[in-house]
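Notes for the one structure printed next.
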Amino acid sequence: MPRRQTALWIVSILVYTFLYIPLIIVVVFSFNDSKLNAEWAGFTLHWYQALLNNHEMLLAARNSLIIAISASFLATTLGTMAGLAIHRYKLKVLPILAFTPVAMPEILLGVSLLLFFLQVLNLTLGMLSIIIAHTTFCIGFVAIIVRARLQGMDESIFEAARDLGATPWQTF
């Protein structure tokens, strides 16, 4: 193996070790019998049993999964449409609308959405408002990726599909 390739492997292993050793330590110490986790006191499954018996934690995990799946689906759908619109229609306002949540600091976006939900929409805070907020934050990331991918594609592919009788959905 060439010297440069060996160095690349060594650096890669060191980087992955740096990233994964803390995660492994956290997993190992999750089986620790000590309450403080400062030192190893013995192996136990008590903490996992306590977690599975804690109704509030399970409810929070379920809510998190619902929010994640809903926001991911909505952001992917709306972000793909935004990316297509930005690529197809060269309006100057479309990129500004799609990419503003990406460029804006998260705390500013969160406070702005909170004020918008409470004062403008008179919406009660709950699952719906959280899903809308997460979707709003993620749309720009999807739009950037879709737009970048479309810019790298040859337009003749779309024209060929249309010439061969494909519907707009089939072309998509």
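The values are calculated or read from the model by the stated rules, or taken from the named source; none is laboratory data. For clarity, every value in this text was computed on a predicted model and none was experimentally measured. So basically every Cβ, Gly included, is an ideal-geometry build from the backbone, and we count neighbours across all protein chains shown. Side chains included, ligands, DNA and RNA excluded: accessible areas come from the protein's heavy atoms. Shrake-Rupley method; radii C 1.70, N 1.55, O 1.52, S 1.80 Å.
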| Can you tell me which residues in region 151-172 are in a helix (DSSP H, G or I), out of contact with any His (no Cβ under 9 Å at 6 or more places or on another chain) and not β-branched (Val, Ile, Thr)? | 155, 156, 158, 159, 160, 161, 162, 163, 168, 169, 170
| remark: Pairing a residue in region 147-160 that is under 15 Å from residue 84 (Cα atoms) with any residue that is charged (D, E, K, R) and in a helix (DSSP H, G or I), where Cβ atoms lie under 9 Å and the two sit 6 or more apart in sequence or on different chains, gives 150/88
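Among the aliphatic types (A, V, I, L, M) and open to solvent by 90 Å² or more (accessible area, probe 1.4 Å) - does that describe any residue in region 133-144? Before you say what the answer is, go through the steps one by one.
Residues of region 133-144 among the aliphatic types (A, V, I, L, M): 133, 139, 142-144.
Narrowing the set further to residues that are open to solvent by 90 Å² or more (accessible area, probe 1.4 Å) leaves none.
For region 133-144, residues among the aliphatic types (A, V, I, L, M) and open to solvent by 90 Å² or more (accessible area, probe 1.4 Å): absent.
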| field | Check on residue 51, in contact (Cβ under 8 Å) with a residue 40 or more places away in the chain, surrounded by 11 or more Cβ atoms within 10 Å (Cβ to Cβ) and on the phi < 0 side of the Ramachandran plot | value | no
| message | I need a count of the residues in region 69-110 that are open to solvent by less than 50 Å² (accessible area, probe 1.4 Å), under 14 Å from the mean Cα position of the chain (by Cα) and either of a type in the set (Asp, Glu) or at pLDDT 85 or above (or both). | response | 4
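Within the bounds of region 1-19, is there any residue that is outside any helix (DSSP H, G or I) and more than 20 Å from residue 150 (Cβ to Cβ)? Reasoning before the result, please.
Here is the first cut: in region 1-19, the ones outside any helix (DSSP H, G or I) are 1-2.
Within this subset, residues satisfying the condition of being more than 20 Å from residue 150 (Cβ to Cβ) are 1-2.
Yes, region 1-19 has at least one match.
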| query | When you look at residue 24, is it within 30 Å of residue 147 (Cβ to Cβ) and open to solvent by 70 Å² or more (accessible area, probe 1.4 Å), yes or no? | reply | no
| request: Just name the residue that is farthest from residue 96 (Cα to Cα) out of those in region 145-172 that are open to solvent by 90 Å² or more (accessible area, probe 1.4 Å) and among the aliphatic types (A, V, I, L, M). | output: 164
